[in-house]
Amino acid sequence: MKQQKFDTLKFGLVSAIALTGGQYHAWAQDADEANDNTRTLNQVTVTAQRREQNLQDVPLSVTAIGSERLEITGAVDITSIQRSTPNATIEVARGSNSTLIAFIRGVGQQDPLWGFEPGVGLYVDDVYIARPQGAILDIFDVDRVEVLRGPQGTLYGRNTIGGAIKYVTKPLSNEPDLKVKANLGNYSQADVIVSGSTPLSDTFAVGGAIAKYTRDGYGKNLNTGAEHYDKDLLAYRLSADWNPTDDFSVRFAYDKSQDDSNAKHGHRLLPSADGTIPVTGDVYDTRAGIGDKNSVETEGYSLTAQWDVNDIVTLKSITAYREGSTVTPIDFDALPQPDFDVPAYYNDDQFSQEFQLLYNNGPLSGVAGVYYLDGNADGAFDVILSALGLSIYQAGAQEKENFSVYGDFTYELNDKWSVSLGGRYTEDKTTADVLREAWAGLGTGSFDPSNTTSIFLVTQTDYQGVERKDDQFTPRVSVSYKPTDDLNLYATYAQGFKAGGFDPRAREDLDPTGLSRQGFGPEQVDSYELGVKGSFFGDTLQLNTAVFFADYTDQQITVQSGADTDNDGVNDTFVSSVFNAGASEYKGLEIEGTWFATDNLTLFATLGYIDAEINEILSGGMNIASSFVTQNTPELQGQISANYMHDLGANRGELSLTGTVSGRDEYYLFNVPNEGFPAGQSAIFPGGGPKLDPSGYYLFDLSAVWTSPSGKYRVGVHGRNLTDQEYRVAAYNFVTPSQLGLDSAYSAFYGPPRTFTVSLSADF
């Protein structure tokens, strides 16, 4: 059935391409006669290929969302772009408000532990953000957000095997500028954002932005009384531009964020094992007992220098340093007792240096460069199992040293045909420490030196300075055909690569073969894409469509389960394993369209379809792939949005009305299905349990924004998730297939409920 559905969609795309090529001139002629007074689409400039280009000329699937659209739709943070991006899952992770989960076309990573690397690269002004902690970027001081779908290994390198997300901040103005914005809403929302810039001389300008976000929780911790799903975040950016000559410029940027929102513990879906503590009535409530204090701090510096050597060659240097720290309490069981509690901390830092050469001479243009990154991540946590009187101490560190050299160039054969060739050679070295200890008592002395009551039992893992090296050449080739200036047909092959590593939860004493000491290997994606980008009816309709096929090999899959080490029938610890799946195939369709239906009405639509399947996982010579699924990848997702602009008359300003419906099909949260378990399967929970994996859902949003005649003042009213849809975005499961602790973990996390926000802004 899936194959039939995909074949139908593929046939539709191929037919559309053929029809477009054959009938475009007739469409254009009719449009010129009918739309002389109709608004037309403006050119959208993106930097998806590391140089400024018209979006329609880029032979890649790119979603570009500008600041104006983000403003009128009331976008909150970077997760808002999920609704308008085909085949993308961009969500807040479990436990905190600022840790990112990102999947594009079925490829990503959701485990934020220090030994795992993301599968979707996040960039802020071309600076790579290596860790997911603190990566939920709020929408302020932003020019646009670009989402590049499919592997971007040639131009972006490491960990862009699924795609890349580019957060582009606003450039500094040549004139003094000050903007103040306030957001007031339900749940006591009170946000203040101030941004501005000013030139200090003809060659030097400074700017900055500061944002304070506060909101009560959507729910409560019924055990401690604290707010749950609240927000308490301070973020700011500072920048300075120096342009001593027309050919040379230097930009310095600094950013910092401090997220003190309370920890998120999840909504438990089962009562306590003894039946005395029922499930909470509100999905945003919890009864966690570990505490609520949570802190995520990130900080970064960058220096970008650009020299236009002549009209043909530009040299560019990007130097950056970032660091972050997280202190978080994780209550897996979501109950008052410390049955499965995990206090934890993470630290990370990274230094990167990139040199680029941009070339543009007649038919040949492109970019070449070298890139270096030295990144470190470490952390530690306790696993407290009070019912068993045991605690596990897990600690470790990982250092990543990455060097790569790349080039990507486009040659225009004539005014219709062009060819792009690119490649990147990457060397990735991983050095890791992994330590695991078992203690008797609640908590360990290794994690908390003030704990003098617990007794050390045994060291279960002790890897010091284990190393692995991975290297890969990732090519890209594209062919574009433009039968007219407004139509681009392209075919692209690209390869993505993510290096291997070491399981930070490795269990050496249960690994007699020593495989965990060797670590897990790299994964690779070969992607094939056919697409068409076109503007029709006198540039009033823009339609971008693509079909893709991806061959995903050696996918890194993490499995954790409880283990009974003393054969007493009770799981007294957990075992983690990371392995490379043999082969997966992903194929799909993506459509994005914008239509200026009238001078006042604009329609937006997106559709993403993907058939993602793991075909081979070998275990003992047997293919067990049928037991595994692709996580965080709904088969269908899409959005329809309408914007109506109404001129209120002389000196009365303009009113913008935007209504949006977005939907996602049901999908899996992990690489194994969590469809629930029937009565009688678990001795601890004899009544069974509901499914954890999200059902399909629709979200309805509505915004109204008034803009003054001068354009300096704005008042907006934004309603999001108007039907108050309950939808899951993450979960914990340590009940099936194996129990850990007396009550174990079987809980879910949810997206925001219905919210209303009034925004007031003034641009001076």
- Query: At q = 0.19 Å⁻¹, what log₁₀ I(q)/I(0) does a Debye calculation on the Cα points of the stretch 203-342 give, no solvent, two decimals?
  - Reply: -1.04
- Task: Between L238 and E427, with labels modelled 7 Å along Cα→Cβ, what's the label distance in nm to one decimal, could you check?
- Result: 3.8
- Task: Divide, for the chain, the radius of gyration over alpha carbons by 2.2 N^0.38 Å, where N is the residue count.
- Result: 0.96
- Expressed in angstrom and rounded, the centroid-to-centroid distance over alpha carbons for the stretch 689-735 and the stretch 133-165 is 22
- Query: In the stretch 628-696, which chymotrypsin sites (Phe, Trp or Tyr not before Pro) fall in coil by DSSP and have 12 or fewer other Cβ atoms within 10 Å?
  - Reply: none
- Query: Taking only DSSP H segments of four or more residues, each worth -39500 (n - 2.57), what value at 222 nm results for the chain once the sum is divided by all its residues, to the nearest 500 deg cm²/dmol?
  - Reply: -2000 deg cm²/dmol
- How big is the stretch 90-179 by Rg and Dmax over its Cα atoms, in Å? 14.2, 46
- With viscosity set to 1.306 mPa s and temperature to 10 °C, compute the Stokes-Einstein D of the stretch 300-423, Rh being the Kirkwood radius across alpha carbon pairs; µm²/s, no decimals. 85
- Message: Quick one: 3J(HN,Hα) in Hz for the stretch 484-500, Karplus 6.51/-1.76/1.60 with θ = phi - 60°, rounded, Gly and Pro as x.
- Response: 9, 5, 9, 9, 10, 10, 9, 10, 9, 10, 9, 10, x, 8, 10, 5, x
- Message: Once you keep just the Cα pairs under 8 angstrom separated by 6 or more residues, what percentage relative contact order results for the stretch 199-311?
- Response: 28
- Query: Per the Kirkwood formula on distinct C-alpha pairs, the Rh of the stretch 507-655 is how many angstrom?
  - Reply: 20.2
- Extended-chain gain in nm, criterion 0.36 nm per residue less alpha-carbon gap, L388 and D260: 42.8 nm
- Query: Mind listing which trypsin sites (Lys or Arg not before Pro) in the stretch 644-700 are in a DSSP loop and have 13 or fewer other Cβ atoms within 10 Å?
  - Reply: R652
- Item | Whole-number D in µm² s⁻¹ for the stretch 79-122, Kirkwood Cα-pair radius fed into Stokes-Einstein, 20 °C, 1.002 mPa s | 198
- Ranked list, fewest to most other Cβ atoms within 10 Å of each Cβ, for F764, F473, F520, F252: F764, F473, F252, F520
- Task: Express in whole angstrom the spacing between the alpha-carbon centres of the stretch 211-230 and the stretch 284-326.
- Result: 26
- Query: Given K469/K533; K316/K533; K212/K264, which pairs have Cα atoms separated by over 32 Å?
  - Reply: K469/K533
- Query: Over the Cα atoms of the stretch 386-500, how large are the radius of gyration and the largest Cα-Cα distance (Dmax), in Å?
  - Reply: 26.2, 78
- What residues have an amide H closer than 5 Å to that of S96, excluding those fewer than 5 places away on the same chain, when H is modeled at 1.01 Å from N in the peptide plane? K264
- Per principal axis, largest first, the Cα atoms of the stretch 606-764 extend in Å by 76, 35, 27
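Laboratory data are not the source of any read-out in this text; all were calculated from the coordinates shown. Worth saying up front: this structure is predicted, and the values here are computed from it rather than measured. Neighbour counts run over all protein chains shown; Cβ positions are idealised from the backbone, glycine included.
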